1. Among the candidates Glu84, Glu73, Glu106, which residue alone is in contact with a Lys or Arg (Cβ under 7 Å, 6 or more places away or on another chain) and either within 22 Å of Gln44 (Cα to Cα) or in the same structural domain as Ser151 (by TED's automatic domain parsing) (or both)?
2. Give the residues of the range 50-87 that are at pLDDT below 85 and either basic (Lys, Arg) or within 39 Å of the chain's Cα centre (by Cα) (or both), sorted by residue number.
3. Could you pull out the residue among Val369, Val337 that is closer than 18 Å to Leu264 by Cβ, crowded, with 21+ Cβ neighbours inside 10 Å and in contact with a strand residue (DSSP E or B) (Cβ under 8 Å, 6 or more places away or on another chain)?
4. What number of residues in the range 23-38 are buried (at least 19 other Cβ atoms within 10 Å of the Cβ) and touching a residue at least 60 places away in the same chain (Cβ under 8 Å)?
5. Could you grab me the full set of residues in the range 100-151 that are aliphatic (A, V, I, L, M) and farther than 20 Å from Gln10 by Cα?
6. Which numbered condition in (1) of a type in the set (Lys, Arg); (2) assigned to a loop (DSSP other than H, G, I, E, B); (3) modelled with pLDDT under 85 is the only one that Arg131 fails?
7. Being more than 20 Å from Asp196 (Cα to Cα), touching a Leu at 6+ places or on another chain (Cβ under 9 Å) and not polar (S, T, N, Q) is the filter here; which residues of the range 316-333 pass it?
8. Of the numbered conditions (1) loosely packed, with under 14 Cβ neighbours inside 10 Å; (2) farther than 17 Å from Glu283 by Cβ, Lys332 fails exactly one; give the number of that condition.
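The values are calculated or read from the model by the stated rules, or taken from the named source; none is laboratory data. Please read these numbers as outputs of a predicted model, since none were measured by experiment. All Cβ positions, even for glycine, are placed from backbone atoms using ideal geometry, and neighbour counts span all protein chains on display.
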Amino acid sequence: MLQKHIEDIQSGIKAGRYGNEASVSQGIVLRLLQALGWPTYDTQVVCPEYSLEGRRVDYALCHPASKPIAFIEVKQIGQSAGAERQLFEYAFHIGVPLAILTDGQEWNFFLPAEQGDYTERRVYKLDIVEREISESVARLDRYLSYAQVSSGQAIAAAREDYKNISRNRQMFSSLPEAWSKLVSEEDDLLLELLADKVESLCGFKPDLDTVAKFLREKVSLNSGGIQERERPIQFTKPAAAPASIEPRPQRQTIASEHPVGFTLEGKFHPCRNGREVLVGVFEALSVRDASFLERFASRPKHGRTRRYLARSPAELYPGRPDLAAEHFSKLKSGWFVGTNVSRAQIERIAEMACEVARLRFGRELTVNVGE
């Protein structure tokens, strides 16, 4: 029955039969309300020109009689833009939970008491000409049928749909921050996925430091999506004419000022690279405290998909026998340390080790993993 009414209204809209607000109100709105079970003849239930201190809303749907539960504001086809504010003022005035703005073709369902601007408080926007008939029938019945509204189920359904929309909006708005954190924190799973993809494309697998460097230097996030960072344009000054200038003494390199290694409680331990730093920290802390390795391994979470310390290489890389075959170092105690890590990850693992050893990272233990 409702489907037949919608089909006829669609034809009328396309033929231009509803040329003003009154024809939309009588020929579309009242017709659909009656098809949805509303007693349109009872003006205490479907109350036209409902008065609010000198203002009037086109229809107040009431349950029980004379107590509004929903407002409908009607506009001429194509003229509903910007009418939300007026409708919201009506609804807020007496606490009506559901507000509907329609020009006959577009039906906007709002929950005025929820948070956000007008569009964020819109539960659904239905275009009965553009949408499938079945969708129009389902939505009108869900939010506007007399049985659903009078039982409270329509309001409950609208609130549930609003929560889903709000949740999706929050998730979408958090994606840029989540991506930024994955890149800046050099998430181990992200690095591994990218390294694996490179290997599948060219047959060679980059180490995680190379992948991390690529993400830091090449990838940024903006409103248009992930893009390669533009290199700043550098202007080279013309070479000056040679002059007899005393050669300056060569500056000491950063590497010599800050050699690779770690300092534990005032004693420096030199290392050749970051992975030696990682292994050296575990060895030194296990000498300092015989229970350290067991306590570190018992932490419920190491990396996202791996363990940093385990009894076997296979336990370091669950489900990744390719990594377990070569990316590890065996400690003197028989424990295994995973070495498929970036420099930033080594620093985070050292910080985790300090938490277990009850040391202050950056003071009682400092690490330099190199450039």
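1. Working: Glu84 fails: in contact with a Lys or Arg (Cβ under 7 Å, 6 or more places away or on another chain); Glu73 fails: in contact with a Lys or Arg (Cβ under 7 Å, 6 or more places away or on another chain).
After applying the criteria, what remains is Glu106.
2. The first filter runs over the range 50-87 and keeps only residues at pLDDT below 85, leaving 52-55, 80-87.
Within the range 50-87, Arg55, Ser80, Ala81, Gly82, Ala83, Glu84, Arg85, Gln86, Leu87 meet the criteria.
3. On the way: Val369 fails: in contact with a strand residue (DSSP E or B) (Cβ under 8 Å, 6 or more places away or on another chain).
Exactly one residue qualifies, and that residue is Val337.
4. Counting residues in the range 23-38 that are buried (at least 19 other Cβ atoms within 10 Å of the Cβ) and touching a residue at least 60 places away in the same chain (Cβ under 8 Å) gives 7.
5. Narrowing the range 100-151 to residues aliphatic (A, V, I, L, M): 100-101, 111, 113, 123, 126, 128-129, 133, 137-138, 140, 144, 147, 149.
If the condition is that a residue be aliphatic (A, V, I, L, M) and farther than 20 Å from Gln10 by Cα, then Leu111, Ala113, Val123, Ala147, Val149 are the ones that fit.
6. Against the list (1) of a type in the set (Lys, Arg); (2) assigned to a loop (DSSP other than H, G, I, E, B); (3) modelled with pLDDT under 85, Arg131 comes up short only on (3).
7. Here is the first cut: in the range 316-333, the residues more than 20 Å from Asp196 (Cα to Cα) are 329-333.
Among the residues that remain, those that are also touching a Leu at 6+ places or on another chain (Cβ under 9 Å) are: 329, 331, 333.
Within the range 316-333, Leu331 is the sole residue that qualifies.
8. Of (1) loosely packed, with under 14 Cβ neighbours inside 10 Å; (2) farther than 17 Å from Glu283 by Cβ, only one is false for Lys332: (2).
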